[in-house]
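Asks: Pasting in a structure now, in structure tokens, and then I'll have a few things to ask.
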Amino acid sequence: MAFDPAYATIFPRTTTVEAGRMRIGELDAQELTREFGSPLYVFDETELRAGMREYRQAFESRHADTEVTYASKAYLSRFMAAVCREEGIGLDIVSGGELAVALAAGFPVEHCHFHGNNKGEEELREALAAGVGRIIVDNVHELELLDRVARAMGKVQPIILRLSPGVDAHTHAKTTTGTLDTKFGLPISTGHAAQAVADAQRMTGVDLVGLHCHLGSPLFDIEPYDEANAVMLSFAAEMVRANGLRLREYSPGGGFASQYVRERPAPDINVYAEAIISSFKRRCEENGLPLPHLFVEPGRSLVARACVALYTVGARKQIEGLRTWVSVDGGMADNIRPAIYDAKYEAVVVNRADDDPVETVTIAGKYCESGDILVKDARLPATSPGDVIAMPAAGAYAITMSSNYNMALRPAIVVVNDGKARLIRRRETYEDLLRTDVWAE
Ligand SMILES: Cc1ncc(COP(=O)(O)O)c(C=O)c1O
């Protein structure tokens, strides 16, 4: 049987199967694990850059004054920041650590947006010293702290307030962020948002340039963006009248879905762009607002498809009439999403990619938790130890949530492009595990 064409929109677009062997970026996937070790995360540069260009085109063709700002929590490295810089994509960061990586990559810091619900005073100082373009202020404590820090440093920091519009985006409870009962943002319905606008307008260390919300992730439904735009832009108009706000910038956040499994395709980026921009224009007009600069913050959808995780098959356990377990050499330490969100992935055996599936197996990780399962009920051909399983759409929130649980060594990351592979992160070593252990007997 040939490689299922339904995988075409889940794997990177350069993926091919010839004589049953999968190639990514023109390189044999199993050979990559032999060269760089297993598990291995493989980023396809062609896919990554093409996705970024499609995003820019989709939004800028509908509203020229739009900036696509990549939510780097999904995956960040110097390579990633450099690609964003080259492709004209901004960077949304949420910590001093992400800022440090952006700076180390020579990313133009004026295109950085600093988010987070509890930024520390030191982090705010670092951001101001570096010249971060926008700080997205999440709450009153931060507003007051930032104003004080900025004045002490003799700066006026452009800020955007993150609001909580009270919109349910119909996603996993652990990834919904736009409702009233969330830790993120200043609620509009309680009056906290209006108070923060009024406070910010009086402060001399900050310049309030706009408003932001983020509803959650991943949003397969498009309607919540319009609901949020309606609430946010009507609130903005009220603040223009009541508090003299000049709404120069606006964002409905990110949260655009990616396709992980064949039965759940994600809407095309043009569908999101059309819905968001038309709603944004309509709601601005209804509220008598001139169109502000818009920024959108895709994380997952810019990076998920560009990366394939490769694991090598090891142990097998068959419980007749119940379940067959196939264990691989990675798991929840490099990708915790299935364990914490019940995230679903596809699995394809890269060295038998044309073989018919003959059994249903549960692909387990190697870590000491019963919940360390990567894919439940995968339909696979007969596998044996040494076979390599690809899990596509692994670019987002896997590496960046990885851990050293069980003193696991984080895997290497390679970038493939036009038949060449470049190591961008080496596999960790035991020395890395001990580097921060400063105990002295
Ligand atoms: C403020 C903000 N913007 C954007 C994103 C990106 O979401 P996604 O990766 O689903 O696009 C997040 C994710 O947590 C976020 O908190």
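Taken together, the values in this text are just the output of simple stated rules run on the coordinates, not laboratory data. In this text the structure is predicted, and so the values were computed from the model without any measurement. Because the Cβ atoms are built from the backbone with ideal geometry, glycine has one as well, and the counts that use them run over all protein chains shown.
Asks: Report ³J(HN,Hα) in whole Hz for each residue of region 205-216, in order, from the Karplus equation J = 6.51 cos²θ - 1.76 cosθ + 1.60 where θ = phi - 60°; Gly and Pro get x.
Replies: With the stated coefficients, region 205-216 comes to x, 10, 10, 6, 9, x, 10, 9, 8, 9, 8, x Hz.
Asks: Whole-Hz ³J(HN,Hα) for each residue in region 90-98, computed from phi via Karplus 6.51 cos²θ - 1.76 cosθ + 1.60 with θ = phi - 60°, x for glycine and proline: what do you get?
Replies: Karplus values, whole Hz, x for Gly and Pro: x, 10, 9, 10, 10, 6, x, x, 5.
Asks: Among His111, His192, what is the fewest-to-most ranking by other Cβ atoms within 10 Å?
Replies: Ranked by crowding around the Cβ, least crowded first: His192, His111.
Asks: Could you list Phe107, Phe3 in order of exposure, starting from the residue whose Cβ has the fewest other Cβ atoms within 10 Å?
Replies: Neighbour counts put them in this order, fewest first: Phe3, Phe107.
Asks: What angle, in degrees between 0 and 90 and rounded to the nearest 10, separates the Cα long axis of helix 78-87 from the longest principal axis of the Cα atoms of the chain?
Replies: Tilt relative to the chain: about 60 degrees.
Asks: Taking +1 at the Cβ of each Lys and Arg and -1 at the Cβ of each Asp and Glu, which of Gln201, Pro292, Ser61 sits farthest along the dipole of region 46-303 towards its positive end, judged by Cα position relative to the Cα centre?
Replies: Ranked along the dipole, the leading option is Gln201.
Asks: Please report Rg over Rh for the chain, where both radii come from the alpha carbon positions and Rh follows the Kirkwood definition.
Replies: 1.00
Asks: Calculate the dipole size of the chain relative to its Cα centre from +1 charges on Lys and Arg beta carbons and -1 charges on Asp and Glu beta carbons; express the result in debye to the nearest 20.
Replies: In total the dipole reaches around 400 debye.
Asks: Angle check, please: helix 121-130 long axis (alpha carbons) against the longest principal axis of the chain (alpha carbons), in degrees 0 to 90, nearest 10.
Replies: For 121-130 against the chain, the angle is about 90 degrees.
Asks: Can you give me the Cα centroid spacing of region 185-255 and region 326-364 in angstrom?
Replies: For region 185-255 versus region 326-364, the Cα centre distance is 41 Å.
Asks: Measure up Lys317/Lys420; Lys119/Lys281; Lys155/Lys183 against 30 Å on the Cα-Cα distance and list the ones that go over.
Replies: In this structure, Lys317/Lys420; Lys119/Lys281 exceed 30 Å between Cα atoms.
Asks: Please identify every one of the GluC sites (Glu not before Pro) in region 269-348 that sits in a loop by DSSP and has no more than 15 other beta carbons within 10 Å of its own beta carbon. Please list the in-between numbers first.
Replies: Working: sites: Glu274, Glu285, Glu286, Glu320, Glu346; in loops: Glu320, Glu346.
Listed in order of number, the matching sites are Glu320.
Asks: How large is the charge dipole for region 259-339, taken about the Cα centre, if only the Cβ atoms of Lys, Arg (+1) and Asp, Glu (-1) carry charge, to the nearest 20 debye?
Replies: 240 debye
Asks: Could you derive backbone 3J(HN,Hα) for region 320-330 from the dihedral phi with the Karplus parameters 6.51, -1.76 and 1.60 (θ = phi - 60°), listing whole Hz in sequence and x where the residue is Gly or Pro?
Replies: 3, x, 10, 6, 10, 9, 10, 9, 10, 8, x
Asks: Counting only Cα, what are the radius of gyration and maximum Cα-Cα distance Dmax of region 46-303, in Å?
Replies: 17.2, 55
Asks: Also, I was wondering about something else. Would you mind checking the tilt of helix 192-202 against the longest principal axis of the Cα atoms of the chain, expressed as 0 to 90 degrees and rounded to 10?
Replies: 60 degrees
Asks: Which three numbers, in whole Å and largest first, are the semi-axes of the equivalent ellipsoid of region 7-90 derived from its Cα gyration tensor as √(5λ)?
Replies: Three semi-axes, in Å: 29, 16, 9.
Asks: Here's another thing I want to ask about it. Quick check on the exposure proxy: order Ser189, Ser77 from fewest to most C-beta atoms within 10 angstrom. Mind dumping the intermediate values first?
Replies: On the way: Ser189 12, Ser77 19.
Ranking Ser189, Ser77 by Cβ neighbours within 10 Å, fewest first, gives Ser189, Ser77.
Asks: So, one more: Dipole magnitude of region 95-203 about its Cα centre, charges +1 at Lys/Arg Cβ and -1 at Asp/Glu Cβ only, in debye to the nearest 20?
Replies: Using only the charged Cβ atoms, the result is roughly 160 debye.
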